[in-house]
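To start, the structure under review is shown below, and the notes come after it.
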Amino acid sequence: MKVLVIGGGAREHALCRSLSQDPAVTELHCAPGNAGIAQVAAVHPVDQLDGAQVAALAGRLGAGLVVVGPEAPLVAGVADAVRAAGIPVFGPSAEAARLEGSKAFAKDVMAGAGVPTARSYVCTTVAEAAEALDAFGAPYVVKDDGLAAGKGVVVTSDREAALAHAAACERVVIEEYLDGPEVSLFAITDGTTVVPLQPAQDFKRALDGDEGPNTGGMGAYSPLPWAPPGLVEEVLETVLQPTVDELRRRGTEFSGLLYAGLALTSRGTRVIEFNARFGDPETQVVLARLRTPLAGVLLASANGTLDQLEPLRWDEGAAVTVVVASEGYPAAPRTGDPIEGLAEAEADGTAFVLHAGTKADQDGRVLSAGGRVLSVTATGAGLAEARERAYAAVDRISLKGGQHRTDIAAKAATA
């Protein structure tokens, strides 16, 4: 089949890499793509928030499946436009994508589904926010109700900083702080059947030791050797399936990727947030371990036939991703610098480089074009080997002012 992927980050590069290795995929296209994606797919210019443009492109290409990667096009209704054109699409409707697009809507769905999550207040004024902060106490958790590209959440013990973030947003969700390690668990669903993937953990803070500002994610690893046995089954039963069932009950069928951000607290597993698409950088490590060809799984979601799918097959080893970010990220990322050593990083076949924020200049050089520039990913028999290979590949890459964390998966690899 011919597949069109919408997006241009490392998540979409990971999707394109997996799809390019699928024998069922005869043509692979991506719009708008990036310099790395262009090596495995034909790239096309498109306004990825314009459903009519995306549907028209899919029609011209004769795509048999459209995969919408980022959250903004989903919330904008791009998947709806493609479905209306009669083309199978992997990704929820705009109404269902509100599960990510509105934290308040997600809380309402969780309440209806009986899903365990943090107690919270929805606040629209500074006075309401101040009252909610005082009700919960520090550490304070303040979430912008809308999309914020992974940067809408502030977790701080500084009440003034928490209140300032609330004041800068039209509407916020303020909730109790959840203790314990965090886990990302993806599930593919067709609105009825739910197929969980392997769990992963990402690293949100910019600096080693979980210091510095929140980012879109500086690295990830999978599997989680410290996770309690039966975690995936528990989350499927108490979180994922009830959420999908509740949305269907409301007449808002969720078809696509449901991402549960979880905290394993002292009082049990709790949902921190839902996303309506693959997470970045967790997708990079999860797909690196998936052995079942990807296109058929995504098409089964789009066509409502997930119940006919054979169990997914997984590599028994591990995968680690280290994000290389530009100078000044996340506050004021510097762009336009040449990136060298990309071929050398992949030369021994133990690691591969996924492009996040890159572009090619007229001379064919790869330049930085965003805050998070690369996701350097490696696999190995265990986390220690995968981690060693990932960092060896990072060391071969040169980007002026580039930064990365040095402790991705370090604790888990020695556990």
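Screening the candidates Ala138, Ala94 for the property of being surrounded by 15 or more Cβ atoms within 10 Å (Cβ to Cβ), of a type in the set (A, V, I, L, M, F, W, C) and not in a helix (DSSP H, G or I) yields one hit, Ala94. Of the residues making up region 7-27, those that are open to solvent by less than 20 Å² (accessible area, probe 1.4 Å) and over 23 Å from Val324 (Cα atoms) are Leu19, Asp22.
Please pick out the residue among Pro311, Pro333 that is within 24 Å of Ser222 (Cα to Cα), free of Cβ contacts under 8 Å to residues at least 60 places away in the same chain and not acidic (Asp, Glu). Explain how you work it out, then say what you get.
Details: Pro333 fails: within 24 Å of Ser222 (Cα to Cα).
Being within 24 Å of Ser222 (Cα to Cα), free of Cβ contacts under 8 Å to residues at least 60 places away in the same chain and not acidic (Asp, Glu) holds for just one of Pro311, Pro333, which is Pro311.
Among the residues making up region 187-215, those that are open to solvent by less than 10 Å² (accessible area, probe 1.4 Å) and part of a loop (DSSP other than H, G, I, E, B) are Gly191, Leu197, Thr215. With the structure loaded, tell me whether Ala392 is of a type in the set (Gly, Ala, Ser), more than 20 Å from Pro281 (Cα to Cα), open to solvent by 20 Å² or more (accessible area, probe 1.4 Å) and outside any strand (DSSP E or B) or whether it fails that test. So Ala392 does not fit the description; no.
A single member of Val232, Val183 is in contact (Cβ under 8 Å) with a residue 40 or more places away in the chain and in a strand (DSSP E or B), and it is Val183.
Within region 246-270, work out how many residues are of a type in the set (Val, Ile, Thr) and surrounded by 24 or more Cβ atoms within 10 Å (Cβ to Cβ). Don't jump to the end; show me each part of the working.
Taking region 246-270 first, the residues of a type in the set (Val, Ile, Thr) are 252, 265, 269.
Checking the rest, the ones that are also surrounded by 24 or more Cβ atoms within 10 Å (Cβ to Cβ) come to none.
Residues flagged as of a type in the set (Val, Ile, Thr) and surrounded by 24 or more Cβ atoms within 10 Å (Cβ to Cβ) within region 246-270 amount to 0.
Do you know which residues across region 332-369 are polar (S, T, N, Q) and either more than 19 Å from Pro32 (Cβ to Cβ) or modelled with pLDDT under 95 (or both)?
Quick first cut of region 332-369, residues polar (S, T, N, Q) only: 335, 350, 358, 362, 368.
Selection gives Thr350, Gln362.
Put simply, of Pro88, Pro45 the only residue that is surrounded by fewer than 22 Cβ atoms within 10 Å (Cβ to Cβ), touching a residue at least 60 places away in the same chain (Cβ under 8 Å) and more than 21 Å from Asp145 (Cα to Cα) is Pro88. Would you be able to say whether some residue in region 229-245 is β-branched (Val, Ile, Thr) and surrounded by fewer than 19 Cβ atoms within 10 Å (Cβ to Cβ)? Checked against the condition, which is being β-branched (Val, Ile, Thr) and surrounded by fewer than 19 Cβ atoms within 10 Å (Cβ to Cβ), region 229-245 yields at least one hit. Within region 317-335, the residues that satisfy the criterion of being among the polar types (S, T, N, Q) and buried (at least 24 other Cβ atoms within 10 Å of the Cβ) are Thr321, Ser326.
The values are calculated or read from the model by the stated rules, or taken from the named source; none is laboratory data. As the structure is a prediction and not an experimental result, all values here were calculated from the model. No Cβ is skipped: glycine too gets one built from the backbone with ideal geometry, and neighbour counts run over all protein chains shown. Surface accessibility is based on the protein's heavy atoms, side chains included, excluding ligands, DNA and RNA. Shrake-Rupley method; radii C 1.70, N 1.55, O 1.52, S 1.80 Å.
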